[in-house]
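Reviewing the structure listed below.
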Amino acid sequence: MMSPVGYTSFTGSAPDGVWGEVTQLFVAAFTAEPYNEDAIDLATIRQWGPEHLGHRGGRLVIATVDGRVVGFALAHGLDADPAWLGILAQLADSSSTASAALARPEDAVVVHELAVAEDQRGRGVARGCLAALLQDRTETQTFIGVYERATEAAAMYRSWGLSELGRVPMPGDAIALRVLTTPTTELVSRLRSTGESAP
């Protein structure tokens with residue numbers, strides 16, 4: 001029988017040891033297919049992760065199994081993220097949801113990162129991390145970005161009721177970012193109900 005998954009939330013800051021484990025997981029998850037990102041670039045989450053967590057609405061959720069971090073999710077308010085404000089600005093002409101978020105960025109939350117260890121996928125860890133990440137938030141709209149080539153991740157988000165607003169080219173990269181969104185309370189409700197029906 002598999003050991004249970006536990007979830008721990010951090011608001012504003014997290015211990016350095018937690019960031020060490022998060023960094024290891026982040027590098028392992030995103031150097032693999034279909035992302036194939038550079039390990040040295042990914043390891044910089046050790047510096048920018050705590051900074052993002054310190055932004056308004058910053059929250060980090062880790063999933064642990066037998067004391068090991070096997071998943072994590074990081075979010076903060078849209079108003080704290082110039083890069084995401086720029087992404088949504090590129091979609092504002094074609095999306096009323098994007099333009100509404102730009103008009104009231106304090107009313108939107110961005111899920112900045114979500115990753116699960118390969119040997120723990122299929123257990124609902126990503127769903128559990130995201131549900132804990134968004135629980136009791138005041139922002140009414142949630143945004144998530146996923147690289148265009150990450151089709152399985154995009155399909156997972158759509159299965160949770162997120163819809164795609166559009167695709168935005170990433171600076172210095174040949175790939176595009178899919179921007180997905182849904183009302184926050186609806187997403188939390190779906191994540192919770194999906195979790196209850198899972199075996």
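The values are calculated or read from the model by the stated rules, or taken from the named source; none is laboratory data. What you see is a predicted model, and the numbers here were worked out from it, not measured in a lab. Virtual Cβ from ideal backbone geometry, glycine too; neighbours counted across all protein chains shown. Heads up: the accessible areas ignore ligands, DNA and RNA and are worked out on the full protein's heavy atoms, side chains in. Shrake-Rupley method; radii C 1.70, N 1.55, O 1.52, S 1.80 Å.
Here is how the numbers come out for the structure above:
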| item | result |
| --- | --- |
| Residue in the range 40-50 that is open to solvent by less than 60 Å² (accessible area, probe 1.4 Å), closer than 22 Å to Arg137 by Cβ and either small (Gly, Ala, Ser) or part of a strand (DSSP E or B) (or both) present | yes |
| Residue in the range 178-197 that is modelled with the lowest pLDDT, counting only those that are surrounded by fewer than 18 Cβ atoms within 10 Å (Cβ to Cβ) and in contact with a helix residue (DSSP H, G or I) (Cβ under 8 Å, 6 or more places away or on another chain) | Gly195 |
| Residue among Glu148, Glu113 that alone is closer than 24 Å to Asp66 by Cβ and not β-branched (Val, Ile, Thr) | Glu113 |
| Residues (hydroxyl-bearing (Ser, Thr, Tyr) and within 18 Å of Met170 (Cβ to Cβ)) located in the range 1-45 | Thr31, Tyr35, Thr44 |
| Residue count for the range 144-169, restricted to those that are part of a loop (DSSP other than H, G, I, E, B) and within 24 Å of Leu53 (Cα to Cα) | 1 |
| Filter result (of a type in the set (A, V, I, L, M) and free of Cβ contacts under 8 Å to residues at least 12 places away in the same chain) within the range 80-99 | Ala83, Ala92 |
| Residue within the range 144-157 that is open to solvent by 20 Å² or more (accessible area, probe 1.4 Å), under 20 Å from Phe10 (Cβ atoms) and touching a strand residue (DSSP E or B) at 6+ places or on another chain (Cβ under 6 Å) present | no |
| Top-ranked residue of the range 1-39 - restricted to ones that are open to solvent by 50 Å² or more (accessible area, probe 1.4 Å), part of a loop (DSSP other than H, G, I, E, B) and aliphatic (A, V, I, L, M), ranked as modelled with the lowest pLDDT | Met1 |
| Test: residue in the range 83-90 that is open to solvent by 50 Å² or more (accessible area, probe 1.4 Å) and either of a type in the set (Asp, Glu) or closer than 21 Å to Ser9 by Cα (or both) | no |
| Evaluation of Gly122 against (1) open to solvent by 30 Å² or more (accessible area, probe 1.4 Å); (2) modelled with pLDDT under 95; (3) within 19 Å of Met170 (Cβ to Cβ) (one fails), failing number | (3) |
| Subset of the range 125-136 (residues that are open to solvent by less than 50 Å² (accessible area, probe 1.4 Å) and farther than 17 Å from Arg68 by Cβ) | Arg127, Leu130, Ala131, Ala132, Leu133, Leu134 |
| Among (1) open to solvent by 50 Å² or more (accessible area, probe 1.4 Å); (2) closer than 13 Å to Phe143 by Cβ; (3) without any contact (Cβ under 8 Å) to a residue 12 or more places away in the chain, the one test that Leu102 misses | (3) |
| Verdict on Asp66 being open to solvent by 10 Å² or more (accessible area, probe 1.4 Å) and within 25 Å of Val22 (Cα to Cα) | yes |
| Sole exception among (1) of a type in the set (Ser, Thr, Tyr); (2) within 16 Å of Cys129 (Cβ to Cβ); (3) without any contact (Cβ under 8 Å) to a residue 60 or more places away in the chain for Ser9, by number | (3) |
